[in-house]
Amino acid sequence: MTTSTAGGRRQGARANQKALQDAIKHLIVERGLAPGEPLPTEVELMKELDVSRHPLREAMKALEAVGIVDIRHGYGTYVGSVPLTGLETGLAFRGALSLRGDYSDIRDLLEVREILESGLVTRLLDADDRLDFDSLTASVEAMEREAEQGRYAPEADWRFHETLYRPLGNDLVLDLLRVFWRVFNTLDAELPRADDTPHLTARRHRAILEALRAGDEAALRAAVDEHFQGIRARVPDRDRSA
């Protein structure tokens, strides 16, 4: 067997696997199966997709790895919930590499998060009657107490953002923001602090809270912008400094 022949067979096998995985995803969509609902049995899928057991199991393992299916041994295979853990892992890895490079991936991630949160300002003001101001206040006060001791309060920081956006009723937005926040928090210790201090961080969150409480859109946009200015200041722009 020549090297080119062997390589062609491997490429063919990969193509067949991709086609099989796509066929399984198509079946889930076409049947309107929701997360948690069972897929047809292995025997039924083998017959319907005209495939043998081994490639089917390989395809299912690949789909399970990205959360599309949930294999419960002894019970069957179910539609997965497709969590964003894969995205979080990939972004965290790229961010770690970016720390050793030009920080571009970290800046890109921060830009996406800022665009998303800035774009939600109007929706937050419209959701005023659903916002949990008591919990938001408690989170800011927790940050302020830690700041008095010279400490940051990442748990209270995330609790503030989670409480802020949950009433909007968009779980995907909340999941994405959670991923962005966790990735940046993972990198936090290796980023320069710039002029950032626990007191300044707490003050910026307090400004967001008070602008929301007052229903002042201009003040809220200014507070959100200042919040991100503080984060951006911690991400060196090596291209501009060169």
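The values are calculated or read from the model by the stated rules, or taken from the named source; none is laboratory data. The structure displayed is predicted, hence computed values, not measured ones. Note that we place each Cβ from the backbone using ideal geometry, even for glycine, and neighbour counts take in every protein chain shown. Protein only, heavy atoms only, side chains kept; ligands, DNA and RNA dropped before computing areas. Shrake-Rupley method; radii C 1.70, N 1.55, O 1.52, S 1.80 Å.
Here's the yes/no breakdown for (1) assigned to a loop (DSSP other than H, G, I, E, B); (2) among the acidic types (Asp, Glu); (3) on the phi < 0 side of the Ramachandran plot; (4) out of contact with any Pro (no Cβ under 9 Å at 6 or more places or on another chain):
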| position | (1), (2), (3), (4) |
| --- | --- |
| VAL29 | no, no, yes, yes |
| MET60 | no, no, yes, yes |
| LEU63 | no, no, yes, yes |
| THR77 | no, no, yes, no |
| LEU87 | no, no, yes, yes |
| LEU97 | no, no, yes, yes |
| ASP108 | no, yes, yes, yes |
| ARG113 | no, no, yes, yes |
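Being open to solvent by 70 Å² or more (accessible area, probe 1.4 Å), closer than 18 Å to ALA147 by Cβ and acidic (Asp, Glu), is that true of even one residue in the range 206-213? Spell out how you get there, then give the answer.
Step one: of the range 206-213, the residues open to solvent by 70 Å² or more (accessible area, probe 1.4 Å) are 210, 213.
Filter once more, keeping what is closer than 18 Å to ALA147 by Cβ: 210.
Then keep just the ones that are acidic (Asp, Glu); that gives 210.
For the range 206-213, residues open to solvent by 70 Å² or more (accessible area, probe 1.4 Å), closer than 18 Å to ALA147 by Cβ and acidic (Asp, Glu): present.
Based on what the data block shows, is LEU176 open to solvent by less than 60 Å² (accessible area, probe 1.4 Å), modelled with pLDDT of 95 or more, out of contact with any Cys (no Cβ under 6 Å at 6 or more places or on another chain) and part of a helix (DSSP H, G or I)?
On the way: open to solvent by less than 60 Å² (accessible area, probe 1.4 Å): yes; modelled with pLDDT of 95 or more: no; out of contact with any Cys (no Cβ under 6 Å at 6 or more places or on another chain): yes; part of a helix (DSSP H, G or I): yes.
Answer is no for this residue.
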(message) Which of the numbered conditions does GLY119 fail, given that it passes all the others? Conditions: (1) open to solvent by 20 Å² or more (accessible area, probe 1.4 Å); (2) in contact (Cβ under 8 Å) with a residue 40 or more places away in the chain.
(response) (2)
(message) Go through (1) more than 19 Å from ALA142 (Cβ to Cβ); (2) under 22 Å from the mean Cα position of the chain (by Cα); (3) assigned to a helix (DSSP H, G or I) for ASN185 and report which single condition fails.
(response) (1)
(message) Given (1) closer than 30 Å to ALA189 by Cα; (2) small (Gly, Ala, Ser); (3) in a helix (DSSP H, G or I); (4) more than 14 Å from the chain's Cα centre (by Cα), identify the lone condition not met by GLY101.
(response) (3)
(message) Scan the range 94-104 and tell me whether some residue there is open to solvent by 30 Å² or more (accessible area, probe 1.4 Å), in contact with a Lys or Arg (Cβ under 6 Å, 6 or more places away or on another chain) and of a type outside the set (A, V, I, L, M, F, W, C).
(response) yes
